[in-house]
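Report on the following structure.
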Amino acid sequence: MNKRLLFQIVFGAASLGMTQLPGRADAPQSLDAQISPHRLNILDRRGYFTPVFKKAVHDLVDAKAAVVAAQDDEKGLRAKLPALEAQVAEADDKMAKLHQQLADLDRTDETDFVALQQEMSDANAKPEDQRVSAQAYVWAYPASPHQADAQHYLEAVQKKIADQAQADADAEAAREAAHAKLVQRAQARDLSPVEWRDFLLNMSQEDLLKFLGPPQNIDHDYWVYSGAWTEDPITHQKVGLQINFNAGRVLNVTEKEY
């Protein structure tokens, strides 16, 4: 029996049975509403179905229920799909990192020397990093045919670091000497207006008192040191200084004639 004929028989039997059930309304109903396990059981108890036919009808209803359940399962799986895809991507990333770690472990004096050459020729590489790499190669591969080259790299980068350290030390010593001389000239009131601005800029009021002593005039936003402190660039006469503050620190210095 094909499905279309089975539906027609079930529909006819269900319709006939439902019209004979007490308390039923006369309004037409859909086939899905009429064919249900409950109503089929009522028809079965009244003897409408043969055993073979009853089994076929129940199989049909069970199949329909299975389809609905499968559709619900599919919706659930689709909802979980983004999270599953994210888990797969994370697992792929971890696997790639493991492969890289394994590749790093599979090292030889030859591969490490090629890497050392590339690092030593990199203009952007830090000398300290180059020194560490060269020293590591010298220690790790004492019997390597590239030992002499690696040793040469190590000595060259060590000299470069030492030269830079000496240059920094010399520059710092020069800055300290220049600052000491500037302090002497400031104490001797022998600075130009520009030099006073550079020397006093951002200095605290406490430090200013140490270098220049107390001012002759104090205002909330500025102090005035009268007397011969600097030379006016226009009149070339010795004039005083007005020191302006912002939050207790020197903001600007101008010459002030009294």
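The values are calculated or read from the model by the stated rules, or taken from the named source; none is laboratory data. Small disclaimer: the values here were computed from a predicted structure and weren't measured. Here the Cβ positions follow ideal geometry from the backbone for every residue, glycine too, while neighbour counts run over all protein chains shown.
Just to be sure, is LEU154 in contact (Cβ under 8 Å) with a residue 12 or more places away in the chain and either assigned to a loop (DSSP other than H, G, I, E, B) or exposed (fewer than 12 other Cβ atoms within 10 Å of the Cβ) (or both)? Judged against the criteria, LEU154 is not a match.
In the set ASN252, ASN202, only one residue is touching a strand residue (DSSP E or B) at 6+ places or on another chain (Cβ under 8 Å), assigned to a strand (DSSP E or B) and polar (S, T, N, Q); that residue is ASN252. No other residue among VAL194, VAL138 is free of Cβ contacts under 8 Å to residues at least 60 places away in the same chain and assigned by TED's automatic domain parsing to the domain that holds LEU212 apart from VAL194. The helices (runs of 4 or more DSSP H) found entirely in segment 33-150 that carry 2 or more residues being more than 38 Å from the chain's Cα centre (by Cα) and at pLDDT below 70 are 37-45, 51-105. Among the residues of segment 225-243, those identified as assigned to a strand (DSSP E or B) and among the charged types (D, E, K, R) are GLU231, LYS238. Residues being over 30 Å from PHE113 (Cα atoms), in contact with a Ser or Thr (Cβ under 9 Å, 6 or more places away or on another chain) and in contact (Cβ under 8 Å) with a residue 24 or more places away in the chain are represented in segment 219-231 by at least one member.
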